[in-house]
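Below you'll find the structure, written out as structure tokens, and then a few comments.
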Amino acid sequence: MSYHFEFNWLAQYYPEIVKGIGITLQLILIGAVLGIALGIACAWARALGPAWLKPIVATYVELIRNTPFLIQLFFIFFGLPSLGLQLGELQAANIAMVVNLGAYSCEIIRAGIQSTAKGQFEAGASLAMTPFETFRHVVLVPSLQRIWPALSSQVVIVMLGSSVVSQIAAEDLTFAANFIQSRTFRAFEAYMVSTAIYLILAILLRQALAVIGSFIFPRRAAR
Amino acid sequence: MTEFTLWDILRNLLLATRWTIVLSLVSFVGGGAVGLLLLFARISARKAVRVFARCYIELFQGTPLLMQLFIAFFGLGLFGIAVPAWLAAGVALILWAASFLAEIWRGCVEAIAKGQWEASASLGMGRLQQMRYVILPQAMRIAIPPTVGFSVQVIKGTALTSIIGFVELSKAGTVVTNATFQPFTVYGLVALIYFALCWPLSKSSQILERKLNVAHRNH
Amino acid sequence: MSLIEITEVRKSFGPNEVLKGINLDVEPGEVIAIIGKSGSGKSTLLRCINGLEMISGGSISVAGAQLLDDQLHLKTLRLKVGMIFQQFNLFPHLTVGGNVILSQTVVKKTAAKTAEAMARKMLDRVGLGHKFDAYPDELSGGQQQRVAIARALAMEPIALLCDEITSALDPELVAEVLAVVRELAAEGMTLLMVTHEMKFARDVCSRVVFMHQGRVHEIGPPGEVFSNPQTPELKQFLGVH
Ligand SMILES: Nc1ncnc2c1ncn2[C@@H]1O[C@H](COP(=O)(O)OP(=O)(O)OP(=O)(O)O)[C@@H](O)[C@H]1O
Ligand SMILES: [Mg+2]
């Protein structure tokens, strides 16, 4: 192999990369916060909510979990305007990520709720709490604590999956790599560098989530 | 301009779906084979081998599949071969799927009680014999539901190969959209076709899982 | 030369030294009971003799087979000495017959027919010939433990190690397992057993080993050890004053 690796372009193009990292981080931050919130709401609906709501939420969750994120993104960005809903790239990307993570975290959180000992619900009821109050004050936090590792992995997966938002011209890290390779014709190097950055982001994100977890759940009895 | 009926759109999409299915099968089977090797490496008695497998898994699970596809596409090109999209797609998906399957299966192997290793060792079995006759037959039972579940991820993963130009369902969706200017209908149909492929697998994975849990409780 | 020679055996888990120089020679046909407080290292000693743990110092040999950390030596050693576990550890995916046949065909390369005949013979010996096609989860704990004994015997070991093999059993099932062990002893099998069944030890064993803090603290025939304990630790353990 007589290929010469060249990384001189880094000096010129690092602002694009930094900007791309910023957008990727912003996407996952909004996606994670709103996505998990949506997931909690849906998990409540599926596990304990009113009967009419359950099939609606179930359909949403199954539709999202059984279709590619890329198609969800295209549907939102290209398809919804024909219903009169015009979205910017970043808006569409944000919505797609929230909707996507919402469905996955719903299932993860629901599993946590369902693994709660029956006695917890009964204890809540015996203290005259309504089912929702029991959910809110007794069940939710221990459930989240149990599934926090699984939820964290899902957030990392969604962050890595966000690289396809470059396909609707949202200017994330992958977009920067595409841009650089089209200018420098150093495709392999550009993608190597961005892949390495993604790897670092994934590791840091996982650690950040672990820290956040130990912050939200300070030494509460698990299991 | 020609008018496209719904049937025209659907027919074109379904024709492309064949390639989604073929690529999914190749990736799943190939990923399973590589994943099995990786599993053995991951639980090898030799530390260097274990570390290698761990790094491999960390690398492929810690980076976007899209990047892996780009690198396969442009990286294989460095060897002076013109890489067709299907080859890059297949290679990347196989290596990617292997990392996940190996990790899923490792969980199943580790779920087998330590006593099974000890009892088989005390009967004089070597490591490979223990795996072959005692551990894997038990691990396989519990590995089936999550493995079926992962096949859904593989099918969805193939959508990304459209980005490096492999013509499968997603790519067909874009092509048909550009011809018909009906993105809502086309992407809606594309989503439904993916759903039709994935949902039965998701559902069977859940059912198998539930059966296994019931069987477990009856012990 | 004794059948089992345990010389100055030391074993540490990290900084924690669990065996602090064990010496024990066992003659063919001897039945040895090992007693002692929880954590005194009884299980660890048995596991070392079977090569499930590697020793940090000293040496162990069984009928000339040395304990060394490579597959070949381990296999040779394990063919001479079988082990029965507290939790039975039957292979749940195989029938009772399959459990007893597997290691014969895989490890000793015995022909399938011969292995099956041996399996039936050993299962008959523990009184479970009729359960050949049952699965382990269809058996009681006592039956499972007897299958585990048949499985070990089918490998034709020279000695058997038993680590609290009745501790996981309901009280009413203990007797059937002990009866099998008693018979083995009567037939001249060399046995090393960790046990809390003091009456059984007194009746059946040729010698009793009292372990304390990783050492052989007292050793002797059951009559002496039980009736006339020398050290305060053993007296306290036996509850005599
Ligand atoms: N795998 C291990 N790793 C670290 N420490 C261990 C391990 N196995 C045993 N130990 C320690 O070694 C010591 C002796 O353990 P061992 O199981 O031999 O005791 P024992 O006499 O069999 O006790 P028991 O009557 O409770 O079975 C204990 O302090 C235990 O914590
Ligand atoms: Mg013990």
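The values are calculated or read from the model by the stated rules, or taken from the named source; none is laboratory data. Please read these numbers as outputs of a predicted model, since none were measured by experiment. Counting neighbours? That spans all protein chains shown, and the Cβs are built from the backbone with ideal geometry, glycine included. The protein model used for the area step is the full one, side chains on, heavy atoms only, and it has no ligands, DNA or RNA in it. Shrake-Rupley method; radii C 1.70, N 1.55, O 1.52, S 1.80 Å.
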Place a point 7 Å from the Cα of C:D133 along the Cα-to-Cβ direction; which residues of segment C:73-102 have their backbone N under 15 Å from it? C:95-98
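Largest first, what is the accessible-area ranking of C:E156, A:E16 with a 1.4 Å probe? Walk me through the intermediate numbers first.
Details: C:E156 115, A:E16 65 Å².
Greatest to least solvent exposure: C:E156, A:E16.
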Which residue, A:R110, A:R146, A:R186, tops the fluctuation ranking in a GNM of chain A built on C-alpha contacts under 10 Å? A:R186
Taking amide H positions as placed in the peptide plane 1.01 Å from N, state which residues far from C:C162 in sequence (5 or more) or on other chains have amide H under 5 Å from it. C:I84, C:L192, C:M193, C:V194
Which value in nm describes the separation of the simple spin-label points at B:V49 and A:S182, placed 7 Å from the Cα toward the beta carbon? 4.7 nm
Only Cα pairs under 8 Å and at least 6 apart count here; give the relative contact order of chain A as a rounded whole percent. 28 percent
In terms of solvent-accessible area of protein heavy atoms at a 1.4 angstrom probe, what is the ranking of C:K199, C:K20, A:K19, B:K156, highest value first? C:K199, A:K19, C:K20, B:K156
A chain fully extended from A:K19 to A:Q91 at 0.36 nm per residue, minus the present Cα-Cα distance, gains in nm 24.2 nm
In whole Hz, the Karplus estimates of ³J(HN,Hα) for segment C:122-133 (6.51, -1.76, 1.60; θ = phi - 60°; x where Gly or Pro) are 5, 5, 4, 4, 8, x, 10, x, 6, 9, 3, 9
Run through segment B:1-96 and list the chymotrypsin sites (Phe, Trp or Tyr not before Pro) located in a DSSP loop whose Cβ has at most 10 other Cβ atoms within 10 Å. B:F79
Can you give me the Cα centroid spacing of segment A:147-223 and segment B:8-67 in angstrom? 19 Å
Simple SL model, points at 7 angstrom along Cα→Cβ for A:H4 and A:S153; separation in nm is 4.5 nm
Which residues does the label zone of C:M1 cover in segment C:156-184, counting backbone N under 18 Å from a point 7 Å along Cα→Cβ? C:158-159
Cα-based Rg and Dmax for the protein assembly as shown, in Å, come out at 31.8, 109
So what's the net charge close to C:A154: Lys and Arg +1, Asp and Glu -1, counting the other residues with Cβ under 12 Å from its Cβ? +2
List the chymotrypsin sites (Phe, Trp or Tyr not before Pro) in segment A:12-91 that DSSP assigns to loop (not H, G, I, E or B) and whose Cβ has at most 16 other Cβ atoms within 10 Å. Which are they? A:W52
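Calculate the translational D of segment C:1-87 in whole µm² s⁻¹ from Stokes-Einstein, where the hydrodynamic radius comes from the Kirkwood formula applied to all Cα pairs, the temperature is 10 °C and the viscosity 1.306 mPa s. Can you show the working numbers first?
Working: Rh = 13.3 Å.
Translational D for this selection: 119 µm²/s.
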Calculated FRET efficiency, C:R202 and A:A210, Cβ-Cβ r, R0 60 Å, to nearest 0.05? 0.60
Enumerate the aspartates and glutamates that A:K19 could reach by cross-link, defined here as Cα to Cα under 16 Å, with residues fewer than 8 away along the same chain left out. A:E89, A:E171, A:D172
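I'd like the FRET efficiency for A:Q114 and B:W199, computed as 1/(1 + (r/R0)^6) with the beta carbon distance as r and R0 of 25 Å, rounded to 0.05.
Numbers: r = 21 Å, r/R0 = 0.85.
Rounded to the nearest 0.05, the efficiency is 0.75.
Which links in C:K20/C:K80; C:K131/C:K199; C:K42/C:K235; C:K75/C:K109 stretch past 21 Å when you go from one Cα to the other?
C:K20/C:K80; C:K131/C:K199
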C:D124 to B:I21: FRET efficiency via 1/(1 + (r/R0)^6), r the Cβ-Cβ distance, R0 41 Å, to the nearest 0.05? 0.15
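Roughly how crowded by other chains is peptide B:189-200, in terms of the mean Cβ count from those chains within 10 Å of each of its Cβ atoms? Mind dumping the intermediate values first?
Numbers: counts 0, 7, 10, 3, 2, 7, 7, 1, 2, 5, 5, 1.
Per residue, the average neighbour count from other chains is 4.
Taking a 1.4 Å probe, which of A:S166, C:S12 shows the most accessible area, and what order do the others take after it? Write down the numbers at each step before the final one.
Numbers: A:S166 10, C:S12 40 Å².
So, going from the largest accessible area down, we get C:S12, A:S166.
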Close lysine pairs (chain B; alpha-carbon distance under 22 Å; 8 or more apart or on separate chains) counted at 4
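Among the helices of chain A (complete DSSP H runs), which have Cα atoms covering no less than 27 Å along the helix axis and a Kyte-Doolittle mean of at least 1.0?
On the way: long enough: A:9-48 (55 Å, 1.35); A:89-114 (37 Å, 0.73); A:140-161 (28 Å, 1.20); A:187-216 (42 Å, 1.71).
The answer, listed by residue number, is A:9-48, A:140-161, A:187-216.
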In whole Å, what are the Cα extents of segment B:26-143 along the three principal axes, biggest one first? 54, 28, 22
What is the Cα radius of gyration of chain C over 2.2 N^0.38 Å, N being its residue count? 1.01
Gaussian network model of chain B, Cα within-10 Å springs - most flexible of B:T174, B:T161, B:T20: B:T174
Between B:L78, B:L66, B:L201, which gets the highest mean-square fluctuation from a Gaussian network model of chain B, Cα cutoff 10 Å? B:L78
For chain B, the longest principal axis of the Cα atoms and the Cα long axis of helix B:85-111 enclose an angle in degrees, to the nearest 10, of 30 degrees
Taking every pair of alpha-carbon atoms in segment A:9-222, what share in percent sits in each 10 Å bin, from 0 to the bin with the longest distance? 8, 29, 30, 20, 9, 3, 1
Could you list which residues have their amide H under 5 Å from that of C:V216, counting only those 5 or more apart in sequence or on another chain, with H placed in the peptide plane? C:N23
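State the dimensionless ratio Rg/Rh of segment C:43-116 (Rg: radius of gyration of Cα atoms; Rh: Kirkwood radius). If you can, show how the numbers build up before the last one.
Numbers: Rg = 14.1 Å, Rh = 13.8 Å.
Using only Cα positions, Rg/Rh for segment C:43-116 is 1.02.
Please identify the chymotrypsin sites (Phe, Trp or Tyr not before Pro) of segment B:102-190 that satisfy two criteria: DSSP loop assignment and at most 15 other Cβ atoms within 10 Å. Which are they?
On the way: sites: B:W105, B:W117, B:Y133, B:F150, B:F166, B:F181, B:F184, B:Y187; in loops: B:F166, B:F181.
Listed in order of number, the matching sites are B:F181.
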Can you give the log10 of the normalised intensity I(q)/I(0) at q = 0.15 Å⁻¹, computed with Debye over equal Cα scatterers of segment B:6-218? -1.01
Excluding C:S103 itself, what net charge comes from residues whose Cβ is under 12 Å from its Cβ, given Lys and Arg +1 and Asp and Glu -1? +4
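Per-residue Cβ counts within 10 Å, from other chains only, averaged over A:184-190: what number is that?
Working: counts 0, 0, 1, 7, 8, 1, 2.
Counting Cβ atoms of other protein chains within 10 Å of each residue's Cβ and averaging gives 3.
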